[in-house]
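Undergrad: The following block contains the structure, expressed as structure tokens.
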Amino acid sequence: MKKKMLLLNTTVLLGLGGVLSTPAYASTIQDMESQKSQIQNQRQDVQSNIKAASDELTRLQAEQDQMKAQLERLTLAEEENNKKAQKTEADIKETSKQVDQLEKEIKLLQEKLEKRNDILKDRARSMQESGGNVEYLQVLLGSSSFGDFVDRALAVSTIVDADRGILTETKNMQDELKTKQADVKSKLASLEDMKAELDEMTVQLAAQKKQKDALAKELKDKEAKNEELKASLQSKDSSLANEQSTLEQNIKDQKAAEEAVRKAAEQAAKEAAKKAAEQAQKAAAAPSEKADSPSPKAAPKASSNDVAPTSAPAPKASNVVTVGNRWIGNSAYVFGGGRSQSDINHGLFDCSSFVHWAYSQVGVNLGPLGSVSTETLKHAGTQVSSSQMQPGDLVFFDTYKKDGHVGIYVGGGKFIGAQSSTGVAIANMSSGYWKQKFNGRVVRI
């Protein structure tokens, strides 16, 4: 009897084992696990590429925004410089009118002076021919009566007073002529300076226009690449979504198949056990032996280490040499700019206003902002030899006029300043254009 029961139990176990270890099913599981691993690896690669593309997209977008801001600054600078140029042109026309008027007045004075000179020459010639003052005495002594004497004395006095008046008037006209001539020379010098400034602004406007056009083209190219990158990124994202959807569906199907197999195996086991029990009861009344197979248990543990992100504090500009670096690539040159908070907020400077701003950031006041110029700055500190030049010293250049440009020496033969073609930038003064323009003036604040 025991032999029959052992045979029956063995048959049930073999039947159950056959259900759970079907070769076709095992092959399907292995293929799906392999496919899942491949898809996961592919997904990791795609996600890595997407992250890299996203980072590049973010960088390009930031660069694009920066270029747009710079383009706006240059446009604003161009408008402001055009206004300055128009005003300067109007000033030149007005000054030219004043010069023309002064020249006409000088011409009239010269004509009057020539007439006075002719009168004086005739008077002197007449006096010389008649003996000068002796003739006047003979006129008085030759009177026939006291009344005649008085009449002759009055006549002589009138002639002397007339001569004295002519001389005085001539002297005054000569002084007035000198004053007028000095005024004309001053007006002409001022006119020449304004004309030089206008020419310099024209050059600056052309340079800024060229820079703006170059930035516009670069911006257009960046936008095209940006759009291309977006399209590529969207394609990769779509491909990844499809792969992920396929993977999830496969996993879902796999779980459903596993569940179906598990339920079918359980049902087959129950039916086999039931049949074995029924046959055992019929065969004999002896209790059946039961074998319990211990099943291993796994207790996986998950651990994680969270590290709080840290960020270094932003560097703070501590001296005048580096404080202006924030405007490099973020500013534009405007003739007469930088003298209002609005200009400063938009990064619009000329050379002297930038120097004033930079020193104000380190607590040094270089006078009223509205009237700062290269002329005021060259008297703001102590003159030192160029051989003793140190970082932070002001350096001056002869451009459209003497001391027409100023910057802050940063060391190594370079200075930082607001230049017409670049805005705020570091330039080399040890060679090239700025070496030729450096006039040796160095001011230590």
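Undergrad: Can you tell me which residue within the stretch 377-422, out of those that are among the hydroxyl-bearing types (Ser, Thr, Tyr) and assigned to a strand (DSSP E or B), is farthest from Asn439 (Cα to Cα)? Please lay out each step first, then the result.
TA: Taking the stretch 377-422 as the starting set, the residues that turn out to be among the hydroxyl-bearing types (Ser, Thr, Tyr) are 382, 385-387, 399-400, 409, 420-422.
Cutting the leftovers down to assigned to a strand (DSSP E or B) gives us 382, 409.
Working: Thr382: 16, Tyr409: 14 Å.
Only one residue tops the list, namely Thr382.
Undergrad: Give the residues of the stretch 357-376 that are open to solvent by 10 Å² or more (accessible area, probe 1.4 Å), small (Gly, Ala, Ser) and in a helix (DSSP H, G or I), sorted by residue number.
TA: Ser360, Gly370, Ser371
Undergrad: I need the full set of residues from the stretch 29-70 which are in contact (Cβ under 8 Å) with a residue 24 or more places away in the chain and among the small types (Gly, Ala, Ser), in order please.
TA: Residues of the stretch 29-70 in contact (Cβ under 8 Å) with a residue 24 or more places away in the chain: 29, 32, 35-36, 39-40, 42-43, 46-47, 49-50, 53-54, 56-57, 60-61, 63-64, 66-70.
Within the stretch 29-70, Ala53, Ser54, Ala69 meet the criteria.
Undergrad: Just one of (1) open to solvent by 50 Å² or more (accessible area, probe 1.4 Å); (2) within 30 Å of Asp118 (Cβ to Cβ); (3) at pLDDT 75 or above trips up Arg164, so point out which.
TA: Of the numbered conditions (1) open to solvent by 50 Å² or more (accessible area, probe 1.4 Å); (2) within 30 Å of Asp118 (Cβ to Cβ); (3) at pLDDT 75 or above, the odd one out for Arg164 is (3).
Undergrad: Related question: Within the stretch 322-356, restricting attention to residues that are buried (at least 20 other Cβ atoms within 10 Å of the Cβ) and of a type in the set (S, T, N, Q), which residue is nearest to the chain's Cα centre (by Cα)?
TA: Ser331
Undergrad: Please verify whether Ser431 is open to solvent by 20 Å² or more (accessible area, probe 1.4 Å) and either of a type in the set (Val, Ile, Thr) or out of contact with any Cys (no Cβ under 7 Å at 6 or more places or on another chain) (or both), treating the condition exactly as stated.
TA: Details: open to solvent by 20 Å² or more (accessible area, probe 1.4 Å): yes; either of a type in the set (Val, Ile, Thr) or out of contact with any Cys (no Cβ under 7 Å at 6 or more places or on another chain) (or both): yes.
Spelling it out, Ser431 is indeed open to solvent by 20 Å² or more (accessible area, probe 1.4 Å) and either of a type in the set (Val, Ile, Thr) or out of contact with any Cys (no Cβ under 7 Å at 6 or more places or on another chain) (or both).
Undergrad: Do we have Ser190 as hydroxyl-bearing (Ser, Thr, Tyr), open to solvent by 60 Å² or more (accessible area, probe 1.4 Å), out of contact with any Lys or Arg (no Cβ under 6 Å at 6 or more places or on another chain) and part of a helix (DSSP H, G or I) here?
TA: On the way: hydroxyl-bearing (Ser, Thr, Tyr): yes; open to solvent by 60 Å² or more (accessible area, probe 1.4 Å): no; out of contact with any Lys or Arg (no Cβ under 6 Å at 6 or more places or on another chain): yes; part of a helix (DSSP H, G or I): yes.
For Ser190, the condition - hydroxyl-bearing (Ser, Thr, Tyr), open to solvent by 60 Å² or more (accessible area, probe 1.4 Å), out of contact with any Lys or Arg (no Cβ under 6 Å at 6 or more places or on another chain) and part of a helix (DSSP H, G or I) - is not met.
Undergrad: If a residue has to be of a type outside the set (D, E, K, R), at positive phi and either open to solvent by 10 Å² or more (accessible area, probe 1.4 Å) or without any contact (Cβ under 8 Å) to a residue 60 or more places away in the chain (or both) to count, how many in the stretch 401-426 make the cut?
TA: So the answer is 3.
Undergrad: On to the next question. Go through the stretch 367-383 and give me each residue that's among the hydroxyl-bearing types (Ser, Thr, Tyr) and either in contact (Cβ under 8 Å) with a residue 40 or more places away in the chain or under 12 Å from Arg441 (Cβ atoms) (or both). So that I can check it myself, show each step before the final result.
TA: Initially, the stretch 367-383 is screened for residues among the hydroxyl-bearing types (Ser, Thr, Tyr), giving 371, 373-374, 376, 382.
Across the stretch 367-383, the qualifying residues are Thr374, Thr382.
The values are calculated or read from the model by the stated rules, or taken from the named source; none is laboratory data. Note that the structure is predicted; figures quoted are calculated from it, not measured. Ideal geometry is used to build each Cβ from the backbone, glycine not excepted, and the neighbour counts take in all protein chains shown. Ligands, DNA and RNA are stripped out before the accessible areas are found, and what is left, the full protein with its side chains, is counted by its heavy atoms. Shrake-Rupley method; radii C 1.70, N 1.55, O 1.52, S 1.80 Å.
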